Amino acid sequence: MKVLFIGGTGFISTAVSRQAVALGIQLFHLNRGQRETDLTGVQQLTADIHQPADVRLALRGLAFDVVVDWIAYTPEDIERDLALFQDRVKQFVFISSASAYQKPPTHPIITESTPLANPYWQYSRDKIACELRLMQAYREQGFPVTIVRPSLTYDTNFPIAIGGWASYTLPDRLKRGLPIIVHGDGSSLWVVTHSDDFARGFLGLLGNGQALGHAFHITSDEVLTWNQIYATIAEALGVQAEFVHISSDFIAQVAPDLTGNLLGDKTWSVIFDNSKIKTFVPGFQATIPFHEGIRRTLAWFDADEKRRVVEVEVNREMDRIIAAYRGK
Ligand SMILES: NC(=O)c1ccc[n+]([C@@H]2O[C@H](COP(=O)([O-])OP(=O)(O)OC[C@H]3O[C@@H](n4cnc5c(N)ncnc54)[C@H](OP(=O)(O)O)[C@@H]3O)[C@@H](O)[C@H]2O)c1
């Protein structure tokens, strides 16, 4: 199978790429070539996806069985992809987001039939619009789309709600004994998924004719409270965490930029029913519990000091929210 990933060196797609190559998939990446990666066996096409002439040049003379766009966020991105790949691929995979599912959920068990509606987060509404456009293309032109909706998925990043998920800011805070913010009373339920687990489910969908026209989420079956998620990170670091529990509404008032991520996503309890991916990819089961996955993540950061970036702005925002909450 000849497969193109637009993106491919990200938090999820790096693990997927590694496993794809191990399975013997002939894998191409189209990205700007700016990320640190230990991937081998991938053929690199260097272009900025937003520079159409460069993209056409990079793709000239190449044909793929499957294209996965890891970095499409708006209907304009989808129109570009339709123009590039209509009638030219056997399968096109759009990476959507589980945040597209109805918020607040009227029922905490999320299936692929849960309505898509998110009044709080433009990012999620844009993903919904992308899905709708692709399903229209599927119905009207037979465009061979498969939609995949990751929920909070981690590898070389931290699956957290507040504190800078792409950097070492939160672990650094914990190590320095500084308080961290946990939204609500920390008892709402959430699911985090290791990218290596996601990859095994995901790769079972590639080249899978039954998956055309369908949408899937792929998550762990381990359900945790947010208190457990943060406590597990602290435990893996060998420190005691000081939690400051603050309601999502209050946080969103003090820091409006966090509204979508909280009220449009992580505020609400969700439990993912993974029956569909297990039916289409027999044998799939997430096997990496968070207490193990987070140790792998920390080991990756421990391996190179340059990776342990601390974001000053994120720390400032956390301090500001805590100070406002404590009335200082
Ligand atoms: N992780 C989660 O919890 C989660 C949850 C829900 C949905 N998602 C979805 O998952 C997707 C992200 O997956 P990911 O982990 O692979 O991505 P990622 O961590 O965002 O990585 C982005 C990838 O795209 C490339 N890239 C970025 N800008 C580019 C540009 N202008 N032109 C060409 N390449 C570009 C990057 O390489 P260069 O920088 O070298 O170009 C890199 O390979 C998104 O669609 C997101 O909405 C993720």
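The values are calculated or read from the model by the stated rules, or taken from the named source; none is laboratory data. These numbers were taken from a predicted model, which means no experiment stands behind them. Virtual Cβ from ideal backbone geometry, glycine too; neighbours counted across all protein chains shown. Calculation scope for accessible area: heavy atoms of the full protein, side chains included, ligands and nucleic acids excluded. Shrake-Rupley method; radii C 1.70, N 1.55, O 1.52, S 1.80 Å.
Points worth noting:
- Scanning segment 237-258 for residues that are in a helix (DSSP H, G or I) and either surrounded by fewer than 19 Cβ atoms within 10 Å (Cβ to Cβ) or touching a Pro at 6+ places or on another chain (Cβ under 9 Å) (or both) yields LEU237, ASP249, PHE250, GLN253, VAL254, PRO256, ASP257.
- The residue that is nearest to the ligand (Cβ to nearest atom), among those in segment 26-51 that are over 23 Å from TYR154 (Cα atoms) and open to solvent by less than 40 Å² (accessible area, probe 1.4 Å), is ILE49.
- Flag if ASN315 is surrounded by 13 or more Cβ atoms within 10 Å (Cβ to Cβ), under 18 Å from the mean Cα position of the chain (by Cα), modelled with pLDDT of 95 or more and outside any loop (DSSP other than H, G, I, E, B): no
- Segment 64-80 residues that are at positive phi, paired with ones that are part of a helix (DSSP H, G or I) and open to solvent by 20 Å² or more (accessible area, probe 1.4 Å) (beta carbon under 9 Å, 6 or more apart): none
- Residues in segment 1-16 that are within 6 Å of the ligand (Cβ to nearest atom), closer than 16 Å to GLY204 by Cα and not β-branched (Val, Ile, Thr): SER13 only.
- Applying the criterion of being of a type in the set (Asp, Glu) and more than 16 Å from the ligand (Cβ to nearest atom) to the residues of segment 144-190, the residue that is most open to solvent (accessible area, probe 1.4 Å) is ASP185.
- Enumeration of residues in segment 207-225 that are within 15 Å of the ligand (Cβ to nearest atom), among the hydrophobic types (A, V, I, L, M, F, W, C) and part of a loop (DSSP other than H, G, I, E, B): ILE218
- Where a residue in segment 95-109 is over 27 Å from VAL68 (Cβ atoms) and its partner, wherever it lies, is assigned to a loop (DSSP other than H, G, I, E, B) and within 11 Å of the ligand (Cβ to nearest atom), with Cβ under 7 Å and at least six apart: none
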